[in-house]
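Notes follow once the structure below has been shown.
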Amino acid sequence: MRNVLSLLVLFFLHSSLQAQAPTKLSASEIYHQIEKLNFLGSVLYVAAHPDDENTRLISYFSNEKNARTAYLSLTRGDGGQNLIGPQIREELAVIRTQELLAARRIDGGQQFFTRANDFGYSKTADETLEVWNRDEVLSDVVWIIRKFKPDVIINRFDHRTPGSTHGHHTSSAILSVEAFELADNKSAFPDQLEFTETHQPEKLFFNTSPWFYGSEEAFEEASKQNFLQFDTGVYFPLKGLSNPEIAALSRSQHRSQGFGSTGSRGSQEEYLELIKGTMSEGKEDIFEGINTSWSRIEGGAEIGEILSGVEENFNFTNPAASLPQLVAAYQLIKELDNEHWREIKSEEIKNIIAASAGLYLEAVAENATATPSEEVNVRFEAINRSDYAIDLQKVEISPNNSSIEPDVTLKNNTGWSEELTLHIPNSSEVTSPYWLNEEGTTGMYKVENRELIGLPETPANTKAVFYLDFNGVKIPYSKEVVYKYNDNVLGETYRSFEIVPPVSVAFDKNVMIFDNAQKRQISARITSVKDSVQGTLVLDSGEDWRIEPESRNFSIPQKGGSVTLNFSITPPADQSEAYIIPKAKIKDEVYSEKTVYIDYQHIPFQTLVLPSELKVAKLNIHKKGQQIGYIEGAGDVVPESLEQIGYKVSRISPSGISEASLSRFDAVVIGIRAYNVVEELKYKQPILLNYVKNGGNLIVQYNTNRGLQSDNIAPYNLELSRDRVTDENAEVRFLAEDHPLLNSPNKITKADFENWVQERGLYFPNKWAPEFTPVLSMNDKEELPRDGSLLVAKYGEGYYIYTGISFFRQFPAGVPGAYKLFANMISIGK
């Protein structure tokens, strides 16, 4: 096996969040880590998306049973909606990855992924496994089982009930069941065995509940012969929290999905149905029959004896009293033949030793970013806050392997610091999510490096290794090089130190829609992350689109500076689509990437380096009306998209809704899920309906049928459902061919529904009053027609339109037909 040590360190330790403030454990937390050090059992929980995981179980196994517990989410949640900002698709996946890591940091689990892309809601496992590369996702599940080596696997969903829930859900269970058998088969994915060994888990469970049976009554009547039942409502005195309270804190990290959760106290039963393996006699402990002590591995008994003594005699007022025994146990662990447990437990005990000594090690760069070939000063800090003898012999920094050898004794509470210059090699890769480095498919991310598959994040590019001597026992500690600064509000704030291209080239928008052949201005902003950058910018547009001038020179004297270069772009006379690619030439290098920053307080600052492009589309589109009022919901780019085709859009705050404020608009558009997330709308609904009654045009985009703030979202009866059409290529049939929505001012044809992305629409109404006219009909394969995607009703002198069509996805993708249809919706009655 190649480079097993570094692979294991990456795989099992990288779940700690990058650029978090250094972990500083209290005595009770150190004691809990010692308890976990003394337990050699592992649980892997498997599901499809961020938020699918049962945080009560993850916290229970991690904090009550002290097991190594991990969540394998097959996707990163790319296909969902974002309740906290405009990011969707790849950028949303980055946010949800970080939210999962934040959740695991609270409940004590680790986090893994496959290369599967969340392409949106899927109704069947067959469809899901067709869009995903079935064999590749299965190989990833096998790979993670072989690396993590769980004793027990728990599926969130039932592999036996395809079609009853999200196709991704069922697929996660189907693949987990297959992988349970294949992980120990040397003939299955043999290329993996260059890096790891086969592994056979002992048991496989399905995490069932009354929900899967449809009711409490049906669940009570079901046979529970193969069920484990146990109470996860335990209380942890050392934490001052119950397990459900910890689980709620963990689940509340899924802020982009609005999953804030209130903790509970008292008993809370969980049920596991045995799918494979041997049932525990007591039907309570999943580890029954599995040796989870140190005696499970050769040479482990002596280690167990030492660590049991540490646990029994732990001094909560002086954790350093255990250092001689901990250091002795570390030596024995490093001598174990069992490679898997040796590397895992070595890292665990190293961290306990450091925490017990009050040892603080840090490497801080003078800047947050650097470019390949640049030099950056890095300041090291080391302090021992115990009486135990610790010598700092050497500090080495990578990737260039510069080092210093202070050879000093770290005396109790006496700090040491020094600086070293980090030389960034010219060949260094930029810091960005590894799964976005190459273009994938609709269903899969492309990752060629086997050692990266499964990791939540890209491993840090730059590290410092502190070589310490603990009274004759040498222990190395690796620390990510970070950047920190003092925020006037938040205080000490950390960011990852990252390698980025020398310039970022970004357009001021992602899509430009032309509704005529007149030239318009296009702006490209070049931002430098180093001093004295000069070059030339060319925009590659293809044949039909004319850009003037052909190139523009730029000069940016200072790091962090930027310049905006303007070009004129003339579309062709006929309808056309193209992509504009920027090419910034600096000396002999050409850069066509943009650096994207994601900054939310609940996750670390994120940097993405992505291909820069601008989609342009010339549409033969007509409009009636000009002034649009927009009431924002859960976040989308519909307002900007309407501005693209010439509308004047005014954002309206809920508090600003009045009959006078609405009267000037040709149409008022309500953003996605507004009736779910904007409580004030239930008080403003009479005003909105009066606006329609007096001749206005109100367009309401989709809401979910759960959590509506108002029961009266329409002037007539309208009942939302979970009906949706997930196939973006599903046939669209016209129910009202002569209706203005399909004819004025733009003639809508079947061609306008070509090249849509991710889905047709979601949460369609399934019951409505006769005053509504359904305009379109569509359905997924082998389903009945869904006629509620676009409903229109005359109300007084105006029109009320409800649509579940996913315009919020089509507009950023520049889908021409979506723009034409929305223009007709705005124009109705004009």
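Observations
- Boolean, I153 is under 28 Å from L249 (Cα atoms), assigned to a strand (DSSP E or B) and β-branched (V, I, T): yes
- Test result for E245, assigned to a helix (DSSP H, G or I), buried (at least 19 other Cβ atoms within 10 Å of the Cβ) and assigned by TED's automatic domain parsing to the domain that holds R160: yes
- Restricting region 108-129 to residues that are of a type outside the set (S, T, N, Q) and closer than 16 Å to R76 by Cα, the residue that is surrounded by the fewest Cβ atoms within 10 Å (Cβ to Cβ) is Y121.
- R673 more than 15 Å from A793 (Cα to Cα), among the basic types (K, R) and without any contact (Cβ under 8 Å) to a residue 60 or more places away in the chain: no
- Candidates in region 1-54 are the residues that are assigned to a helix (DSSP H, G or I), modelled with pLDDT under 95 and touching a Lys or Arg at 6+ places or on another chain (Cβ under 9 Å); of these, the one that is surrounded by the most Cβ atoms within 10 Å (Cβ to Cβ) is F11.
- Test set (1) buried (at least 16 other Cβ atoms within 10 Å of the Cβ); (2) modelled with pLDDT under 95 - S209 fails condition number: (1)
- Residue that is more than 16 Å from V473 (Cα to Cα) and either crowded, with 18+ Cβ neighbours inside 10 Å or over 30 Å from the mean Cα position of the chain (by Cα) (or both), where the choices are E366, E339, E335: E339
- Condition met for Q229 (touching a strand residue (DSSP E or B) at 6+ places or on another chain (Cβ under 6 Å) and loosely packed, with under 13 Cβ neighbours inside 10 Å): yes
- Given (1) among the charged types (D, E, K, R); (2) part of a loop (DSSP other than H, G, I, E, B); (3) modelled with pLDDT of 95 or more, number of the condition K623 does not satisfy: (3)
- Restricted to region 679-736, and to residues there that are touching a residue at least 12 places away in the same chain (Cβ under 8 Å) and of a type in the set (D, E), the residue that is nearest to F772 (Cα to Cα) is E719.
- Test: residue in region 460-468 that is of a type in the set (S, T, N, Q) and surrounded by fewer than 19 Cβ atoms within 10 Å (Cβ to Cβ): no
- Those residues of region 470-501 which are within 30 Å of L332 (Cβ to Cβ) and either surrounded by 12 or more Cβ atoms within 10 Å (Cβ to Cβ) or touching a residue at least 24 places away in the same chain (Cβ under 8 Å) (or both), in sequence order: F470, N471, V473, K474, I475, P476, Y477, S478, K479, E480
- Filtered residues of region 307-326 (kept if buried (at least 19 other Cβ atoms within 10 Å of the Cβ) and over 38 Å from the mean Cα position of the chain (by Cα)): V310, A320, S322, L323
Conditions tested, residue by residue: (1) touching a helix residue (DSSP H, G or I) at 6+ places or on another chain (Cβ under 8 Å); (2) under 29 Å from N690 (Cβ atoms); (3) of a type outside the set (S, T, Y).
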residue: K747; (1), (2), (3): no, no, yes
residue: Y763; (1), (2), (3): no, yes, no
residue: S777; (1), (2), (3): no, no, no
residue: G788; (1), (2), (3): no, yes, yes
residue: N824; (1), (2), (3): yes, yes, yes
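- Single match in E782, E771, E797 (criterion: surrounded by fewer than 20 Cβ atoms within 10 Å (Cβ to Cβ), more than 30 Å from the chain's Cα centre (by Cα) and over 20 Å from L718 (Cα atoms)): E782
- Top-ranked residue in region 369-391 [being within 28 Å of L25 (Cα to Cα) and hydroxyl-bearing (S, T, Y); ranked as surrounded by the fewest Cβ atoms within 10 Å (Cβ to Cβ)]: S386
- If you go through region 232-242 and keep only what is without any contact (Cβ under 8 Å) to a residue 60 or more places away in the chain, surrounded by fewer than 16 Cβ atoms within 10 Å (Cβ to Cβ) and outside any strand (DSSP E or B), you end up with P237, G240.
Residue-wise test of (1) small (G, A, S); (2) outside the structural domain of F808 (by TED's automatic domain parsing); (3) touching a Phe, Trp or Tyr at 6+ places or on another chain (Cβ under 8 Å); (4) surrounded by fewer than 13 Cβ atoms within 10 Å (Cβ to Cβ).
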{"residue": "G535", "(1), (2), (3), (4)": "yes, yes, yes, no"}
{"residue": "N566", "(1), (2), (3), (4)": "no, yes, no, yes"}
{"residue": "I569", "(1), (2), (3), (4)": "no, yes, yes, no"}
{"residue": "P572", "(1), (2), (3), (4)": "no, yes, yes, no"}
{"residue": "E577", "(1), (2), (3), (4)": "no, yes, no, no"}
{"residue": "I586", "(1), (2), (3), (4)": "no, yes, no, no"}
{"residue": "V590", "(1), (2), (3), (4)": "no, yes, no, no"}
{"residue": "I603", "(1), (2), (3), (4)": "no, yes, no, no"}
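- Yes/no for Y60 being surrounded by fewer than 24 Cβ atoms within 10 Å (Cβ to Cβ), in contact with a helix residue (DSSP H, G or I) (Cβ under 9 Å, 6 or more places away or on another chain), modelled with pLDDT of 50 or more and not in a loop (DSSP other than H, G, I, E, B): no
- Against the criterion of being in a helix (DSSP H, G or I), surrounded by fewer than 22 Cβ atoms within 10 Å (Cβ to Cβ), under 21 Å from the mean Cα position of the chain (by Cα) and touching a residue at least 60 places away in the same chain (Cβ under 8 Å), E136 qualifies.
The values are calculated or read from the model by the stated rules, or taken from the named source; none is laboratory data. All values reported here derive from a predicted model rather than from experimental measurement. Neighbour counts are summed over all protein chains in view; Cβ atoms, including those assigned to glycine, are modelled from backbone coordinates with ideal geometry.
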